[in-house]
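Participant: Below are the structure tokens for one structure; questions will follow.
The values are calculated or read from the model by the stated rules, or taken from the named source; none is laboratory data. Remember, predicted model here, so these are calculated numbers, not experimental data. Here the Cβ positions follow ideal geometry from the backbone for every residue, glycine too, while neighbour counts run over all protein chains shown.
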Amino acid sequence: MAKAALSSIKVVEYANMVAGPYCSKLLADLGADVIKVEPPEGDPARTFGPFPEKKPHREKSALFLYNNTSKRGITLDLKTIEGKKLFLQLIQWADVFVDNYPTGYMQNFGLDNEVLQKTNPRLIHTSITPYGQTGPRAHVKGDELTISHAGGLANLLPVRSVDINRAPIKPGGFQVAYQSAINGALVTMAALIGRRKTDKGCVIDVSMQEVMVGFIRPYITASRYQRASWSRVPDRPPAMGRMKTSDGYLVLGAVEDNHFRNLREMMGNPPWMAGDQWLNMNYRSHHLMEIAPLLDAWIEQHNKKEISEELASKSVPIGPVNSIKEVMENRQYAFRQYFTEVEHPLAGKYKYSGWPYKMAASPPKVSRPAPMLGEHNEEITCKVLNYTQEEYSKMKKSGAFGRIRR
């Protein structure tokens with residue numbers, strides 16, 4: 001069996017919900033030894049759901065189960081001397097520390113960056129916060145809703161709004177957090193490579209707001225240099241985007257001239273866009289809205305699957321807007337074996353999203369299901385930190401692990 005790509009990397013995570021946990025999950029599924037530290041009450045994601053049969057249970061939250069695969073878990077009460085001691089010993093053991101608590105939160109326990117770096121000078125500390133650790137908004141709390149708006153993304157949604165009075169909305173799910181986690185994991189691996197030269201650690205300061213600004217950079221460029229509006233109300237779109245069909249929706253991206261020519265030919269060269277000027281991208285960018293109602297009406301007469309497959313066969317960028325059922329039954333995902341089955345001792349066996357890449361030499365995998373709350377307290381204390389059973393029992397009695405309510 002191929003050796004995991006990150007098998008020599010040790011990670012401590014003290015994070016909650018999505019951004020921090022997903023960042024370390026990306027490393028864990030690639031073989032890193034990740035220890036998730038939770039407060040005695042657990043990661044709030046455990047209460048978030050969704051849950052099987054809609055029955056809340058802290059070990060059955062789909063959000064928690066997915067974002068915490070391949071990790072071991074320990075509970076520590078950082079308000080206690082013993083809990084803090086164990087935490088700092090884990091920091092000494094680790095190559096990487098990942099957290100996504102608000103700026104200054106760790107100072108409540110006397111665990112600021114200076115203390116962590118002094119404890120382990122080679123530590124790479126990846127911090128993911130709403131606005132970064134510096135600046136006038138460094139200590140302002142933020143979430144998906146506020147950061148989507150602060151970063152400018154929400155101003156573009158919903159796309160193709162008829163009027164600017166249509167209120168902006170955030171993307172569905174946790175897009176801000178997941179994008180921030182991906183950035184965090186990428187720069188963490190870069191820092192690990194850089195440490196080979198310096199033998200010194202560093203603090204990685206990820207701003208979720210800045211991640212969102214980077215996410216929409218083409219719109220910023222277009223607004224600055226092409227005078228295009230940075231808005232959810234299109235003024236001169238290069239393509240039609242989301243469109244209604246007879247049985248749902250599709251997304252059409254006939255941007256290039258050859259794309260639009262093939263689209264027009266498939267439509268039977270209707271007279272209202274028959275002129276050669278329509279094969280010029282610059283002309284279309286200023287006049288496409290003039291024929292939008294006619295194009296909408298034509299698309300609405302067709303089945304989303306049939307028209308998507310036919311236009312795709314002619315190299316026109318297009319795709320159906322799939323329901324969850326359609327995604328799970330999609331032949332492309334099945335062929336590439338994208339979904340992977342994971343069995344949890346309490347939650348049961350379910351299909352999880354896999355990885356959007358293939359690595360023949362060292363493929364990612366789920367090495368274990370998400371940890372139950374405090375599941376590896378003894379294992380981590382005795383086998384990672386080398387405590388004896390007697391010492392572990394004393395730590396347990398001291399309240400280092402907190403009181404876990406079953």
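Participant: Among the candidates GLN337, GLN389, single out the residue that is modelled with pLDDT of 95 or more and over 30 Å from LEU88 (Cβ atoms). Explain how you work it out, then say what you get.
Facilitator: Numbers: GLN389 fails: over 30 Å from LEU88 (Cβ atoms).
Being modelled with pLDDT of 95 or more and over 30 Å from LEU88 (Cβ atoms) holds for just one of GLN337, GLN389, which is GLN337.
Participant: Another question, if that's okay. Need at least 1 residues that are over 30 Å from PRO363 (Cβ atoms) per element, so show me which helices (runs of 4 or more DSSP H) inside the stretch 282-345 make the cut, counting only ones lying wholly within it. Give the steps one after another, and end with the answer.
Facilitator: On the way: elements: 304-313, 324-328, 331-335.
Result: 304-313.
Participant: Something else: Please find, within the stretch 244-260, the residue that is farthest from ASP296 (Cα to Cα) out of those that are β-branched (Val, Ile, Thr) and at pLDDT 90 or above. I'd like the intermediate steps shown before the answer.
Facilitator: Pass one, the stretch 244-260, residues β-branched (Val, Ile, Thr): 245, 251, 255.
Still in the list and also at pLDDT 90 or above: 245, 251.
Numbers: THR245: 9, VAL251: 12 Å.
Restricting to residues being β-branched (Val, Ile, Thr) and at pLDDT 90 or above, the top hit is VAL251.
Participant: Mind checking which pairs have a first residue in the stretch 340-361 that is farther than 16 Å from LYS25 by Cβ and a second that is polar (S, T, N, Q), Cβ under 8 Å, 6 or more apart or different chains?
Facilitator: Once the first residue is farther than 16 Å from LYS25 by Cβ and sits in the stretch 340-361, its partners that are polar (S, T, N, Q) give LYS351/THR340.
Participant: Only one of (1) basic (Lys, Arg); (2) closer than 28 Å to THR340 by Cβ; (3) part of a loop (DSSP other than H, G, I, E, B) fails for ARG72. Which number is that?
Facilitator: Result: ARG72 passes all but (3).
Participant: Moving on. Got at least one residue in the stretch 135-158 being touching a strand residue (DSSP E or B) at 6+ places or on another chain (Cβ under 7 Å) and touching a residue at least 60 places away in the same chain (Cβ under 8 Å)? Spell out the reasoning first.
Facilitator: Start the filter on the stretch 135-158 by keeping residues that are touching a strand residue (DSSP E or B) at 6+ places or on another chain (Cβ under 7 Å), which leaves none.
No, the stretch 135-158 has no match at all.
Participant: Which condition from (1) within 21 Å of the chain's Cα centre (by Cα); (2) assigned to a helix (DSSP H, G or I); (3) not β-branched (Val, Ile, Thr) is the one that LYS84 breaks?
Facilitator: For LYS84, the exception is condition (1).
Participant: Only one of THR388, THR381 is over 30 Å from ILE182 (Cβ atoms), loosely packed, with under 13 Cβ neighbours inside 10 Å and either assigned by TED's automatic domain parsing to the domain that holds LEU27 or not hydroxyl-bearing (Ser, Thr, Tyr) (or both). Can you tell me which?
Facilitator: Numbers: THR381 fails: loosely packed, with under 13 Cβ neighbours inside 10 Å.
Only one candidate passes the filter, namely THR388.
Participant: Just to confirm my filter: which helices (runs of 4 or more DSSP H) fall fully inside the stretch 118-220 and include at least 2 residues that are closer than 30 Å to SER323 by Cβ and touching a Ser or Thr at 6+ places or on another chain (Cβ under 8 Å)?
Facilitator: Working: elements: 144-150, 175-198, 208-215.
Per the criteria, 175-198, 208-215.
Participant: On to the next question. ALA28: closer than 24 Å to LYS383 by Cα and crowded, with 21+ Cβ neighbours inside 10 Å, yes or no? Quick ask: steps written out before the conclusion?
Facilitator: Values: closer than 24 Å to LYS383 by Cα: yes; crowded, with 21+ Cβ neighbours inside 10 Å: yes.
Criteria met by ALA28.
Participant: Give the residues of the stretch 181-213 that are loosely packed, with under 15 Cβ neighbours inside 10 Å and among the polar types (S, T, N, Q), sorted by residue number.
Facilitator: Across the stretch 181-213, the qualifying residue is only THR198.
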